[in-house]
Amino acid sequence: MSTNATPKEIGAIDFGLMNPEEYRDMSATKIITADTYDDDGYPIDMGLMDPRLGVIDPGLECKTCGQHSGSCNGHFGHIELAAPVIHVGFTKLIRRLLRGTCRECSRLLLDEHERDEFAERLQRARDLDDDVNDVTKAAIRQARKADRCPYCGEEQYDVQHEKPTTYYEVQDVLAAEYPQLIAEAMQPDEEEDRPATSPQELADATDIELSRINDILGGEFRPREESREAIERALDVDLSEEDLNKLMPSDIRDWFEAIPDEDVEVLGINAERSRPEWMILTVLPVPPVTARPSITLDNGQRSEDDLTHKLVDIIRINQRFMENREAGAPQLIIEDLWELLQYHVTTFMDNEISGTPPARHRSGRPLKTLSQRLKGKEGRFRGSLSGKRVNFSARTVISPDPTLSLNEVGVPERVAREMTQTMNVNEQNIEEARQYVRNGSEAHPGANRVIRPDGKVMKILDQAKEELAERIEPGWQVQRHLSDGDIVIFNRQPSLHRMSIMAHEVVVMPYKTFRLNTTVCPPYNADFDGDEMNMHALQNEEARAEARVLMRVQEQILSPRFGENIIGAIQDHVSGTYLLTHDDPEMGGLPRFNETQALDLLRATGVDTLPDDDGTDEQGRPYWTGRTIFSELLPSALDLEFTSSTGDRVAIDDGALVEGTIDEDAVGAFGGEIVDTIVKQYSETRARVFINEVASLAMRAIMHFGFSIGIDDESISDAAEAQIDESMENAYERVQELIDTYENDDLESLPGRTVDETLEMKIMQTLGKARDSAGDIADEHFDDDNPAVIMAESGARGSMLNLTQMAACVGQQAVRGERINRGYEDRTLSHFKPGDLSAEAHGFVEDSYRSGLTPREFFFHAMGGREGLVDTAVRTSKSGYLQRRLINALSELETQYDGTVRDTSDNIVQFEFGEDNTSPVKVSSSDDNEIDVDEIADRVLAAEFEDEGEEFAGAQATNLSESADDRMDRDRPSSPIDVPEVGDD
Amino acid sequence: MVEVSQHTLVPEHRLVDDDEIDALLAEYDISRTDLPKIKRTDPALPDEAATGDVVRIERDSRTTDRAVVHRLVIE
């Protein structure tokens, strides 16, 4: 937007028909010639390229508004049509009106009572948000039933619509061969036992004079309506014939002009804004040249837009029409020209009408006219408005960087040099601004452009940068490169929830990928197998402030989906904290660290002094336990007690971990208790620091212990192997027994099952148990320090089932929830006998992944695996579409200040938000869902009386952005105002 | 015939008198048609409910003990 333009506010938008008078009023000029440019290449006055319609050539001035190309939006012109034509967009509505109103007096064919009733129904439909069309359609249906107008008594005829723009009245007229028909009916008919009728008898029966009857029989007189009906009655014949009477657009216009305003109101039309006769065009608006620019080809020839071509056609026919009419051409020719004019105006608006050949370019390509510009995927709505390309955005591959804060994003320097932030130069920052300009656009913290106070934009070129820097004054603007600490928006598709778009602080880095802290992977659902993400640089102070306050990653730690944290330790972080804090007597109790080791563990955190040691070793050197070190990261007054998923009690007393192992339930993403509690009792900033430090500590810890997994970690002893083999043998025996019983017809069916189903179920059960017992045997064999066990136990990755499959037995493969039954006739593979019901013939995999699968097992395993693959593919697309539709349906709902949830038309959806007026992220997430009022009161009181002199350790940053927030206080709970909302009751 | 309104899972539907409706509409500054709707044919409605009436539905809620909703009866 240019700087001197006054922004305008849109008060309302009206949709309706436009009065032709309004077209003429707003028209810059009447268009009368089909020519565009004269021989010298200048636009012809009152031609299609009239300079009053706007300018497209740079340098020229608009004759209407005086502005130059770029700032002049263009102005409409108009063509006076020689005869009215129908607007294709309204053919259905025109048909409805023709059918529902009187051909004579134009009133709606409903009596007053009916009319009022429909008006009332229409109002109700509007109030209840029902479909208004249902009512108006019903009103027309009712009106069509009337044979005669209830007001003037005129007989009504059916109106036929021949697509796209022709209307006929269907009238009953006297058949052409009426004398023959009457004469035939007067002949005697023996089959029907009918005597002959003499003309005298007919005259008596119909009250028509005999001479008239003779005239009629002679074809010299056409009987009028009453006499025709009398003859029809007397002779029991049908003398009528259907005749189509074409309604010309001018007739329709006259008809519609007489429809009273009150009558169209019942049909849902606001007559003040949209008179029905305006659907018949008498004047055609000519779009400004800016909407149909002509292009100059390389050879200097001008190529016109499709719309211009179409307008040329319209004007040519329009002129021919007028000339012919003035010359008094026969009606037939006039009608042909009228139809041609209708065709051109129709295709000008829509060139894809069924039943009409599309207007074509000389090359045979169909023209792209108004409707084609708007419709479809590449159209104005879906293509240009919803699908806008944005500036100041970047996209590249993402990769992990554990040294970044979760609030940050690493931005490649190349991206940072391309994206700019506008700096308003003033006395305070002028030196800084000059330095950016001096650095130029090639060096990193540089600038790309400067804007003078008069709005002139100047590129910073390498040759002129020094000179330009000196010219900078307060009031100028400098578009400097994106640099450390700027806030940007970061996004990964599909954007399924609000945490898919979050604000990050920039850290400019070498190389070509966006870098992010691994703890923000869950909200984005990102991994680093080639994922790409988008970044948007914010362009005004308001947006930057809003992003920082509302969208920063730390503000999104709690998910509104389940009210607990979605950001937390993942994978190796969890293994790390587990190793650090796990007390396993077999592994020598709690891990101990000497001073060097302890300091190394805490190196990447904000903790810079060690706490008191936990004791001394044999040589008298002090040591610290893993729990003590972990406790350093906790707020000093934190009290917390919970049960981890393994059933262990975890107790934190006064900021010290006194009991229990820290695993996924404590610090993990998706509801880690400690993270959740810190966000709710302290602040988002404290939680962010905690998560960052846990991640750093865990990485240090896991590197201290060393953590790897190899094939030998899943191998088990020969003894255990033998045990597993034995249990497998047993299972096979039991399956064989089942099969034998079945074959002897001794198997008793389970309730509601056939014998076959029972057998299948029992076999599946037996084999399931066999795998489980094999797993148990293997589990017993594995030590607690086995990496796979550690990962499963801590919740970092994998489960005991995965371990069982790796070490002991993969188990039964299933397709559609059954053992594998497909393949050949009565058998799965040609390796088996037909009818073989045994385990190995139906996809039981006895081997483990480590020992390797036999070819047959491998084949069955692939069958089961394929089903899983197809399932997920189908499920994601199905659930994605379902989610999309749900979101579209709910997206307009909004919580109002009175606590109600309403849609855009003010209908109430919920009287209280969520029935309890409570935000899920503000509510306590403890299991019993109870709010401990005493606990909150204690905390608030403690905060109130706490002495404020205490300097807290480690408030300074571990990362760049860590120091950028004054809300951070390591050890103090949040102020009373931030206490989670309790609700009224 | 099963009387659905007696079923444990069907919450109480009670017709609301005019005074109460007026108070409700005044409280939220809405007209009747802004209320959520319920079909006249809904089996949970009391038999005497007619189009245009307002019912008060009081049901158990997962988040609060009782949740109250008013609905406008439509045809």
Percentage of interatomic Cα-Cα distances in segment A:27-76 larger than 16 Å: 35 percent
Amide hydrogen neighbours beyond the local backbone of A:Glu169, cut-off 5 Å, H modeled: A:Gln160, A:Asn245, A:Lys246, A:Leu247
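How shielded is B:16-28 by partner chains, expressed as the average number of their Cβ atoms within 10 Å of its Cβ atoms? Don't skip to the end; give the middle numbers.
On the way: counts 0, 0, 0, 0, 0, 0, 0, 0, 1, 0, 0, 3, 8.
Across the residues of B:16-28, the mean count of other-chain Cβ atoms within 10 Å is 1.
Counting other Cβ atoms within 10 Å, keep those with at most 14, restrict to DSSP loop, and tell me which GluC sites (Glu not before Pro) in segment A:810-879 are left. Show your work: numbers first, answer last.
Numbers: sites: A:Glu818, A:Glu825, A:Glu840, A:Glu846, A:Glu857, A:Glu867; in loops: A:Glu825, A:Glu846.
Qualifying residues, ordered by number: A:Glu825.
Using a 10 Å cut-off around each Cβ of peptide A:502-514, what is the average number of partner chain Cβ atoms that fall inside?
Working: counts 0, 0, 0, 0, 0, 0, 0, 0, 0, 0, 0, 0, 0.
Taking all residues of A:502-514 together, the mean is 0.
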Under 18 Å from A:Lys310, Cα to Cα: aspartates and glutamates that are on another chain or at least 8 residues apart: A:Asp35, A:Asp50, A:Glu80, A:Glu339, A:Asp350, A:Glu352
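What average number of partner chain Cβ atoms lie no more than 10 Å from the Cβ of the residues making up A:910-917?
Averaged over the peptide's residues, the number is 5.
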Per residue Cα convex hull volume in Å³ - calculated over segment A:176-238: 77 Å³
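How long are the three semi-axes of the equivalent ellipsoid for segment A:305-373, computed from the Cα gyration tensor as the root of 5 times each eigenvalue, in whole Å, largest first? The partial results should precede the final answer.
Working: eigenvalues 123, 31, 17 Å².
Equivalent ellipsoid of segment A:305-373: 25, 12, 9 Å, largest first.
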Gap separating the Cα centres of segment A:3-80 and segment A:817-834, nearest whole Å: 77 Å
Distribution of pairwise C-alpha distances over the protein assembly as shown, 20 Å bins, in %: 8, 22, 29, 24, 12, 4, 0, 0
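Loop sites only, by DSSP: take the chymotrypsin sites (Phe, Trp or Tyr not before Pro) in chain A that have at most 12 other C-beta atoms within 10 Å and name the longest stretch containing none of them.
On the way: sites that count: A:Phe15, A:Tyr511, A:Tyr897.
Counting only loop sites that pass the neighbour cut-off, the longest clear stretch is A:16-510.
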Rh by Kirkwood over Cα pairs, then Stokes-Einstein D for segment A:421-481 at 0.692 mPa s and 37 °C, µm²/s: 303 µm²/s
Unit Cα scatterers, Debye sum, segment A:1-142: log10 I(q)/I(0) for q = 0.10, 0.12 Å⁻¹: -0.64, -0.79
Kirkwood-Stokes translational diffusion coefficient of segment A:711-870, alpha-carbon pairs, 25 °C, 0.890 mPa s, µm²/s: 146 µm²/s
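Normalised by the empirical 2.2 N^0.38 Å for globular proteins, what value does the Cα Rg of segment A:446-553 take? Don't skip to the end; give the middle numbers.
Working: Rg = 17.5 Å, N = 108, 2.2 N^0.38 = 13.0 Å.
My calculation over the Cα atoms of segment A:446-553 gives 1.34.
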In Å, descending, principal axis extents of the Cα set of segment B:4-74: 33, 29, 18
Cα centroid separation, segment A:753-807 to segment A:531-560 (Å): 44 Å
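No value in this document is a laboratory result; all are computed from the given coordinates. Because the structure is predicted, anything quoted here is derived from the model rather than measured. Backbone-built Cβ (ideal geometry, glycine too); neighbour counts: all protein chains shown.
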